[in-house]
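The values are calculated or read from the model by the stated rules, or taken from the named source; none is laboratory data. Everything numeric in this text was worked out from a predicted model, so none of it was measured. Don't worry about glycine lacking a Cβ; one is built from the backbone with ideal geometry, like all the others, and counts go over all protein chains shown.
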């Protein structure tokens, strides 16, 4: 049986917190997330290997004459690997040089419970998040609308509790979809009294169901979040619309409410180029789209604050935010 000295292992967060520009040897046990083949300027192929643990992600370039090239060329996402590497930097960005790589046998992965250390989860307790979901369902006063929402949750089952909120952009981790949904519902609970024009029952139902199609769109069978076949062909907006429509017809939801609920799901992405099937055109759809975007953006901020070493003033540039994020704490003091 392979023995690994866990006392000498570094997390990705610990590696990233090392002083930039220095050369430091380290060992880590990481999850292989993605392998991408690219072509160098000289025409030869090289691999970009994306690795992760629950504290972050890093990429390693493997050229044809590099250690690990043959292994990663024949490997697949989802494997757990032990690496030895040396910190190196290219244009100021961490780009470790691989010295050795070894795949951990599945029995060791299970026996030593590596996965909880490798797969990132929502910071908030999953049982607390689920308790809030159940509370928000019960807040829907219209019995047919409430039954429709409950039916969708019954239909997707336990997958809702574990599905990520995205592959990479926001809430892209275990329980991420549930966390994102609860955060939007909590925000709506505070904001809805300010906007009496918005039908509270309908908005809450739309929030609870808006991303439900992701339980079908995504698959994590190999420990790495990827799109399923039907997820690629239809996407979560259409899949969520279908789930809601099926449940609503089963519970004889009023036709006008059904059409408006469907519209919330079809338009919640906000912009057609972001994946919306229609632009939000009802008070409820506009409200849901905006609070959805708010929590998506703040989810990116929260993750950046968790992942970026305290020594760095900014998190790396994020294309969804279109800026690096300042993480330095606010200095508060008396002005005397």
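For the stretch 22-31: of the residues being in contact (Cβ under 8 Å) with a residue 60 or more places away in the chain and assigned to a strand (DSSP E or B), which is nearest to the chain's Cα centre (by Cα)?
Filtering the stretch 22-31 for residues that are in contact (Cβ under 8 Å) with a residue 60 or more places away in the chain and assigned to a strand (DSSP E or B), the one nearest to the chain's Cα centre (by Cα) comes out as 31.
In this structure, is residue 81 over 22 Å from residue 308 (Cβ atoms), crowded, with 17+ Cβ neighbours inside 10 Å and touching a helix residue (DSSP H, G or I) at 6+ places or on another chain (Cβ under 7 Å)?
no
Please count how many residues of the stretch 1-18 are out of contact with any strand residue (DSSP E or B) (no Cβ under 7 Å at 6 or more places or on another chain) and either within 12 Å of residue 82 (Cβ to Cβ) or in contact (Cβ under 8 Å) with a residue 40 or more places away in the chain (or both).
8
Pick out the one residue from 287, 314 that is modelled with pLDDT of 85 or more and touching a strand residue (DSSP E or B) at 6+ places or on another chain (Cβ under 7 Å).
314
Right, residue 199: surrounded by 16 or more Cβ atoms within 10 Å (Cβ to Cβ) and either under 23 Å from residue 138 (Cα atoms) or more than 19 Å from the chain's Cα centre (by Cα) (or both) or not?
Criteria met by residue 199.
Suppose the filter is closer than 28 Å to residue 19 by Cβ, in contact with a helix residue (DSSP H, G or I) (Cβ under 6 Å, 6 or more places away or on another chain) and crowded, with 17+ Cβ neighbours inside 10 Å; does residue 58 pass it?
Yes.
Can you tell me which of 245, 307 is under 22 Å from the mean Cα position of the chain (by Cα) and surrounded by fewer than 19 Cβ atoms within 10 Å (Cβ to Cβ)?
307
Going by the structure shown, is residue 29 more than 21 Å from residue 315 (Cβ to Cβ), at pLDDT 90 or above, in contact with a strand residue (DSSP E or B) (Cβ under 8 Å, 6 or more places away or on another chain) and surrounded by 14 or more Cβ atoms within 10 Å (Cβ to Cβ)?
Criteria met by residue 29.
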